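The values are calculated or read from the model by the stated rules, or taken from the named source; none is laboratory data. Computed from a predicted structure; not experimentally measured. Cβ placement follows ideal geometry from the backbone for every residue including glycine, while neighbour counts extend to all protein chains displayed.
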Amino acid sequence: MEIAIAGEGEVVIRFIDSKGRTLVQEKLVVSGSPTVEARRIIALSVETSSGGTLLAPVLIRQSNPKQHVTFDRENPSRFTRKRCEEIGCTTNVAAEAERGCAAPPALGDAAVLLSDDPALAKLIQTAARSETDRNE
Amino acid sequence: MAKGSIMLQIAVEQVLSPAVTHAPEIWTVALDSLDGDRTTVREIATEKNHQFYGWTDAEHEFGELHFSASGLTDLWLAFPDLRRPPAILHAPSHVSSPPIDGARLVLLRVRDFGFGFGPGAKFVLGRRVGSHAYLDEVLPS
């Protein structure tokens, strides 16, 4: 699948199996001029301990609402819905995925721990509010 | 009209569930248009962080593992005449390239290997690969 991004910003995409479990999570960060674009090619299947597993991509978060993201040239939520149906997701899993909801990758016997990105967003919001208050 | 100084950056962060036995390759590109004037690439750089923990069942054991400390990054300058091969420059480079005339598209490509293990092995993986390039586009004198 081709993920196409037009414009700067950060996107988080989770790749779920038919049961709604996230097996792969990717964050793509692009910056440059206002005309910058990016492409990410990734297979919609992955090998697991129980064999080949089909995946559906879910667009979880975008830092810049003006940034334009497509999955194989389609609107992400439409693509997600279609792909969920193809791989046999339940109605509930497909509906959640279409709304951009999927849990982070499960923690097993070991885990990769990541920083708390929402905390960064909160910090920026607080700083922006203080700046606005100062200017009023 | 030359675009002047241009920055191009892209990063990928990949985290896998322990259920996954094959890590997908990282292959991603940032691109931007140029005006076809004179381009000099001032810097291309890449950085990678990598965290891996693997284990096996009682009947198997991991071989010796080595992971590269860096991803592979190259920068392509492409021309409207498709018979003219693209100019390809590799990271890291912290000195200016020779001036290149006529490029209309710049592509910054970042790659890191996919890999996998057979039955009996499990692993968790987190990796980040990020690259940037700085270019100057000026009118030829």
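Residue under question is A:SER63, and the condition is that it be surrounded by fewer than 20 Cβ atoms within 10 Å (Cβ to Cβ), touching a helix residue (DSSP H, G or I) at 6+ places or on another chain (Cβ under 9 Å) and either within 28 Å of B:GLY118 (Cα to Cα) or of a type outside the set (Phe, Trp, Tyr) (or both); does it hold?
Taking the combined requirement at face value, the residue satisfies it.
Considering each of A:SER18, A:SER50 in turn, give the residue that is among the hydroxyl-bearing types (Ser, Thr, Tyr), exposed (fewer than 14 other Cβ atoms within 10 Å of the Cβ), over 23 Å from B:SER131 (Cα atoms) and within 14 Å of chain B (Cβ to nearest Cβ).
The unique qualifying residue is A:SER50.
Consider B:HIS60 carefully, then state whether it is more than 9 Å from chain A (Cβ to nearest Cβ) and in a loop (DSSP other than H, G, I, E, B).
It is true that B:HIS60 is more than 9 Å from chain A (Cβ to nearest Cβ) and in a loop (DSSP other than H, G, I, E, B).
Please specify each residue of segment B:3-24 satisfying the condition of being among the hydroxyl-bearing types (Ser, Thr, Tyr) and within 22 Å of B:THR46 (Cα to Cα).
If the condition is that a residue be among the hydroxyl-bearing types (Ser, Thr, Tyr) and within 22 Å of B:THR46 (Cα to Cα), then B:SER5 is the only one that fits.
Of the residues A:THR90, A:THR80, A:THR35, which single one is of a type in the set (Ser, Thr, Tyr), under 26 Å from B:HIS22 (Cβ atoms), surrounded by fewer than 19 Cβ atoms within 10 Å (Cβ to Cβ) and touching a Gly at 6+ places or on another chain (Cβ under 9 Å)?
A:THR90
Using the structure shown, decide if A:GLU2 is more than 7 Å from chain B (Cβ to nearest Cβ), surrounded by fewer than 14 Cβ atoms within 10 Å (Cβ to Cβ), touching a helix residue (DSSP H, G or I) at 6+ places or on another chain (Cβ under 7 Å) and more than 26 Å from B:GLY120 (Cα to Cα).
no
Those residues that are more than 14 Å from every other protein chain (Cβ to nearest Cβ), of a type outside the set (Asp, Glu), out of contact with any Phe, Trp or Tyr (no Cβ under 8 Å at 6 or more places or on another chain) and assigned to a strand (DSSP E or B), I need them from segment B:74-88; list them, please.
B:LEU77
Looking at segment B:34-42, can you tell me whether even one residue there is among the aliphatic types (A, V, I, L, M), within 7 Å of chain A (Cβ to nearest Cβ) and in contact (Cβ under 8 Å) with a residue 60 or more places away in the chain?
No: segment B:34-42 contains no residue that is among the aliphatic types (A, V, I, L, M), within 7 Å of chain A (Cβ to nearest Cβ) and in contact (Cβ under 8 Å) with a residue 60 or more places away in the chain.
Name the residues in segment B:94-141 that are of a type in the set (Phe, Trp, Tyr) and either part of a loop (DSSP other than H, G, I, E, B) or at pLDDT 90 or above (or both), would you?
Listed by number, the residues that qualify are B:PHE113, B:PHE117, B:TYR134.
Read through the list (1) aliphatic (A, V, I, L, M); (2) loosely packed, with under 11 Cβ neighbours inside 10 Å; (3) touching a residue at least 24 places away in the same chain (Cβ under 8 Å), then give the number of the only condition that A:ALA127 fails.
(3)
Exactly one of (1) within 22 Å of the chain's Cα centre (by Cα); (2) farther than 26 Å from B:PHE123 by Cα; (3) buried (at least 16 other Cβ atoms within 10 Å of the Cβ); (4) more than 14 Å from chain A (Cβ to nearest Cβ) is unmet by B:LEU31. Its number?
Failing condition for B:LEU31: (4).
In this structure, is B:ALA2 more than 21 Å from A:ILE5 (Cα to Cα), in a strand (DSSP E or B) and either in contact (Cβ under 8 Å) with a residue 60 or more places away in the chain or within 14 Å of another protein chain (Cβ to nearest Cβ) (or both)?
For B:ALA2, the condition - more than 21 Å from A:ILE5 (Cα to Cα), in a strand (DSSP E or B) and either in contact (Cβ under 8 Å) with a residue 60 or more places away in the chain or within 14 Å of another protein chain (Cβ to nearest Cβ) (or both) - is not met.
Within segment B:5-28, can you find the residues that are within 12 Å of the chain's Cα centre (by Cα) and outside any strand (DSSP E or B)?
Of everything in segment B:5-28, just one residue is within 12 Å of the chain's Cα centre (by Cα) and outside any strand (DSSP E or B), namely B:GLU25.
Please report, ordered by residue number, the helices (runs of 4 or more DSSP H) entirely within segment A:20-135 with at least 1 residues that are of a type in the set (Lys, Arg).
Answer list for segment A:20-135: A:76-87, A:117-135.
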